[in-house]
Every structure is written in C-alpha cells, then in structure tokens.
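Note sheet for the following structure.
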Amino acid sequence: MSTCPEHIVQYMHEYLDGDISREHEQELKAYMRDCKDCQQHMQELTSTIAFVKSAAVIEVPPNFVEQVMQKLPKRRMRTGVQSWLRRHPFFVAAALFCIFMSASLFSGYKNDQEFSFTKQPNLQVEGQTVIVPEGETVKGDIVVKNGDIIVKGAVEGDITVINGKYMASTANVTGQIDEVDEVFEWLWYKIKSSAKNAWSFIEKNE
Amino acid sequence: MDALVNKRIKQVLKGDQQAYSDIVSLYQQQVYHVCYRMLNNRHEAEDIAQEAFIRAYTNLHTFDLKRKFSTWLFRIATNLCIDRIRKKKPDYYLDAEIAGTDGLDMYSQIASTNRLPDEEVERMELQERIQYEISCLPEKYRVVIILKYMEELPLQEISDILNMPLGTVKTRIHRGREALRKQLGNL
C-alpha cells in the first residue's frame, strides 16, 4: 500500500474534499486505472468516511436548557441602567461632581440675597444704594451685593455690582466695572473670583 | 435563522435573560454532540456543553453581530473540550486506580448490555466502534473529523471555528482520514 506515490494520495484527498483541479483529477483517474493498491487505498478512504458518517446523533440530555438557564450568572445585565452605569464609571463620577458642585454654588447664591458691600471709608449709604460722594476718592475695590452703586467721585480700583446697577455721572474709576445680574453670570463670577483667590494665595506663599 | 438569533442576542444584551433560552435550545444538540464526540463521556460532555453556553452568555457583549453566532459558539465549545482533554491526560493512570471515577464508564457499560434484538445489538456495536475509533485519534485530527463528517460543516467554517488557516484544516483532515483508515485496516 505504501507503493502509492505521495502525490497521488494527495490527489485522492483533494478529490474527497471536492476541490481537485481538472488536471489532477485526470491524472488521478489515469493512475488508478492501472494501480490496484491505489484503488484499494481510495476504497478504504471512502469507506472510512462512510463509517464516520454513519455515527448516530447522540441525543442531548433532557432539561439541558433549564439547567443552563439556572446556572447563568444572575446579577449580570439585570437592568439596562445598572449595566450602563457600571460600564461608564467616568460619567458617573463626573455627574456626581457636577451635582455636588452646583448644589454648593446654588446654596451659596441663596444665602447671598442680603444687601452688603465692601466697607471702605468715605462711602455713603442710602437705603440699598452705595454712594461715592463728589470730591471723594475711594482707594481699593468695591463689591456691592443686592444693591446699586452711584459713583460721583473717584474710585481707584474695581467695582463689582451683583444683582444691582452701576450708575455714574462724573465718575472716575481706574479699575474694571462689572455688573452681575443673572444666576449664571453670578456663577461665572464666583468661579473667577475663587480662581483669583487661589492664585493670590499661591503667590503669597511663594 | 441568523436574523432570529441576532434578535435574541440583542434582547439578552438589553437584559432579557429569558431570551437566551431560545439560543440554547437552538444549538444544544449540536454543541452537546460535538462535546460528546470529543470527550467520549456523556457526563463530561454535558458539563462542558453547559459551560460553553454559560461562557457564551457572560461574554456575549464581545460577540460581533456581523459574524455567525454558531461559529463563535463552536469555538468556545471546542476550546473547552481541548482544555479538558489536556487537563485529563496526566491524571489518566492515577484516575484508573480510583474505583469511584470509572464508575461512570461502568454505568454506561451496564446500560448497553441490556439484551436487545440482534439487529439492534449490531447497530450498537457499530456506534460503539465509531466512538472508539474517533476517540483513538489525536485531538487535533479528532476535532476536524468531527466537525467535517459528523456536523458536516464546510471547510471554511471549520477554519473559522478553530481559528486556523484553511490549508491547515485540509492537511489535518487528510491526516485524520489516513489515521482512521489505518486504524480500521488493522481490525
């Protein structure tokens, strides 16, 4: 049996796989016509295949599906929301951060509803209006919350008005003038000022 | 059928665990059969087939819906079978001495010796013989012969399942056939 040339045996397998080329098939057939061993080899191969193919299907045990379903891990993928949260820990952290930040900021906004202003010498107060009198010069920044400011004299510094109006006739202000009305502007102001504070704190430490 | 399977997979991914039972009942027979032919033991086959479905479930989010689910499932199952065979090998002789462990084999022997009509017995013998010859093959030939001639899968699909080139699959089938031919010729 070992007398069959290797390439012929190779052609037999190509033939059995159904992907033999026409030339190989002709060569195989021509060779097999004269070679008893090759005929027997081929015969044995085909009966081997028939033998394996005659295997009966072994039935799956009953209750197989139920058993698999019982063994499935229960907690995984229980609800869509849970699995989504679990898959996106960064979003969860960011959302929590935003919630806590805004809560502290808005509570700060509520507490700041009272009229207040930066204490400076030579400032006049009429009701909820801060006045820089004519001929006077205020050195330093002025912050007025929940009130207006009228500048008749001069200010050497910034003026910030929160929830109020800045009014001036013959004013002389060397610094910036900010009017903050809306909640979001107020938020922005708060963030800016806390950043400034942090910066000055760092500078001081140096 | 693939569309239905994909629909069920999406349902499972959305959290509907019950939808998975349709997938299991659709493929249980094929997966169990491959495992049984690979492992030559019904209890082990059941164990591994169940494990394959559980693994597929827990890793379902990694399955690419554009691919064929059965191919992916068969890959999990055949890998588990090969792992099991390799783990078993070194323990083989030790196990043989323990009475409890070959109880399973004894049990199946007893079950098959119930007297049946001659015809039936002949058929039984052929089936036993087939399983015996298959189990004598080295596992790398065994798996391709099972997928090709018992599951009747196309060569390309076998190559996808085993994650090896088509040429390698063909070579292994050729060698598997030759090995079987020699085994059968000796008897």
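Throughout, read-outs are computed from the coordinates displayed, never taken from laboratory work. Only a predicted model underlies this, so the values are computations on that prediction, with no experimental measurement involved. No Cβ is skipped: glycine too gets one built from the backbone with ideal geometry, and neighbour counts run over all protein chains shown.
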| note | The long-range amide H neighbours of A:Gly140, using H built 1.01 Å from N in the peptide plane and a cut-off of under 5 Å, are A:Glu156, A:Gly157
| Residue-averaged 222 nm ellipticity for chain A, from DSSP H runs of 4+ at -39500 (n - 2.57), nearest 500 | -16500 deg cm²/dmol
| note | Counting other chain Cβ atoms within 10 Å of each Cβ in A:59-67 and taking the mean gives 6
| query | ³J(HN,Hα) across region B:49-65 via Karplus (A = 6.51, B = -1.76, C = 1.60, θ = phi - 60°), whole Hz, x for Gly/Pro? | reply | 5, 4, 4, 4, 5, 5, 4, 4, 5, 6, 9, 4, 5, 8, 6, 8, 4
| What residues qualify as long-range amide H neighbours of A:Val180, i.e. H under 5 Å apart, gap of 5 or more or another chain, H built at 1.01 Å from N? | A:Val161, A:Ile162, A:Asn163, A:Gly164
| field | Protection proxy ranking of B:61-69, A:66-74 - average other beta-carbon atoms within 10 Å, highest first | value | A:66-74, B:61-69
| Most exposed first by the Cβ proxy, i.e. fewest other Cβ within 10 Å, how do A:Ile149, A:Ile202, A:Ile162 rank? | A:Ile202, A:Ile162, A:Ile149
| field | Extension gain (nm, one decimal) between A:Phe115 and A:Met167, 0.36 nm per residue minus Cα-Cα | value | 17.0 nm
| message | Compute the angle between helix A:183-205 and the longest alpha-carbon principal axis of chain A, please, reported from 0 to 90 degrees and rounded to the nearest 10. | response | 90
| said: With angles folded into 0 to 90 degrees, how steeply does helix A:36-53 sit against the dominant principal axis of chain A? Use alpha carbons for both and round to 10. | reply: 50
| note | Surpassing 28 Å at the alpha-carbon level, of the pairs B:Lys14/B:Lys66; B:Lys10/B:Lys148; A:Lys74/B:Lys140, are B:Lys10/B:Lys148; A:Lys74/B:Lys140
| note | One finds, for B:Asp2 and A:Glu59 with R0 = 25 angstrom and r their Cβ-Cβ distance, a FRET efficiency to the nearest 0.05 of 0.50
| note | Most exposed to least, judged by fewest other Cβ atoms within 10 Å, A:Cys4, B:Cys81, A:Cys98 sort to A:Cys98, A:Cys4, B:Cys81
| query | Which GluC sites (Glu not before Pro) in region A:121-172 pass both tests, a DSSP loop state and at most 13 other beta-carbon atoms within 10 Å? | reply | A:Glu134
| request: For A:Arg22 and A:Ser104, calculate 0.36 nm times their separation in residues minus their Cα-Cα distance, and state this gained length in nm to one decimal. | output: 21.2 nm
| field | Percent of beta bridges antiparallel (DSSP, region A:116-205, rounded to nearest 5) | value | 20
| query | Fewest first, what order do B:Ile145, A:Ile191 take by the number of other Cβ atoms within 10 Å? | reply | A:Ile191, B:Ile145
| query | Along region A:89-98, what does the Karplus equation 6.51 cos²θ - 1.76 cosθ + 1.60 (θ = phi - 60°) give for ³J(HN,Hα), rounded to whole Hz, x for Gly and Pro? | reply | x, 5, 4, 4, 4, 5, 5, 4, 4, 4
